[in-house]
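Here is the structure we will look at, set down as structure tokens.
The values are calculated or read from the model by the stated rules, or taken from the named source; none is laboratory data. Predicted, not measured: the structure shown is a model, and the values here were computed from it. Cβ coordinates were reconstructed from backbone atoms using ideal geometry, including for glycine residues, and neighbour counts include every protein chain displayed. Ligands, DNA and RNA are stripped out before the accessible areas are found, and what is left, the full protein with its side chains, is counted by its heavy atoms. Shrake-Rupley method; radii C 1.70, N 1.55, O 1.52, S 1.80 Å.
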Amino acid sequence: MTNTTNVKCKSCRLAGEKLFLKGPRCESEKCALSRRPKTTTKGHRGKSFHRVSEYGLQLREKQKVKKIYSLSERQFRRYLTVAKGHKGSVGAALLSLIERRLDNVLYRIGWADSRLQARQMVRQGKIFIDNRRVKVSSYILDTDKKLTTRLPLAPRELEMPDWLKANLKDKSARLLRLPGREDITENINEQLFLEFYSR
């Protein structure tokens, strides 16, 4: 399990962009990057930052993806190994695989405000797949699986991805198709972290 006790706003500052790790707070005025945006290239006491090397850019991109999806290094490497067995682009296959994780799907359909909240729902046994209780947040969903919950769901204004369909009345959701690279809205450059692992 990934250690999530660190300050989430610090992860956004290191990435230089919003990673939406705190759900609605990241979209409000309380967001740390909204209250104090980075407006200077100077560091502590006016010292300039060093130029980031190519290795540093690759490492930052890998760390950013791990933070967005709350993945450990072991999980990330395992997904990369599986993605290499798919046809086509390895980066697109990897991101598609991660997008189909149960905690991410719960976040995408709006049943959870963040991926960490979605993981808590799964660990508490509130999620069912084909009427069977699932307590593993890394479960990879397929198009033939039906996702249900017994939790009361409040309607939220959320732009539903094209590859997902959710019904608030019967509290169910389903994958219409596998997500492609064009369906991932996060600012991710998969080429950078692929180059990091190809060293």
Which condition number does Glu54 fail, the rest of (1) among the charged types (D, E, K, R); (2) under 23 Å from the mean Cα position of the chain (by Cα); (3) modelled with pLDDT of 90 or more being met? (2)
Looking only at the stretch 130-149, count how many residues are assigned to a loop (DSSP other than H, G, I, E, B), open to solvent by less than 50 Å² (accessible area, probe 1.4 Å) and of a type in the set (Val, Ile, Thr). 1
From the list Gly46, Gly85, which residue is surrounded by fewer than 19 Cβ atoms within 10 Å (Cβ to Cβ), modelled with pLDDT of 90 or more and not basic (Lys, Arg)? Gly85
All but one of (1) within 18 Å of the chain's Cα centre (by Cα); (2) of a type in the set (A, V, I, L, M, F, W, C); (3) more than 29 Å from Arg74 (Cα to Cα) hold for Ala154, so report the exception by its number. (1)
Can you spot a residue in the stretch 72-80 that is closer than 13 Å to Ser137 by Cβ, open to solvent by less than 20 Å² (accessible area, probe 1.4 Å), hydrophobic (A, V, I, L, M, F, W, C) and touching a helix residue (DSSP H, G or I) at 6+ places or on another chain (Cβ under 9 Å)? no
For the subset of the stretch 164-199 comprising residues that are part of a strand (DSSP E or B) and basic (Lys, Arg), which member is nearest to Arg150 (Cα to Cα)? Arg174
Pairs returned, first residue in the stretch 181-199 that is hydroxyl-bearing (Ser, Thr, Tyr), second residue that is part of a helix (DSSP H, G or I) and loosely packed, with under 13 Cβ neighbours inside 10 Å, beta-carbon separation under 9 angstrom, 6 or more apart or interchain, are Tyr197/Arg77
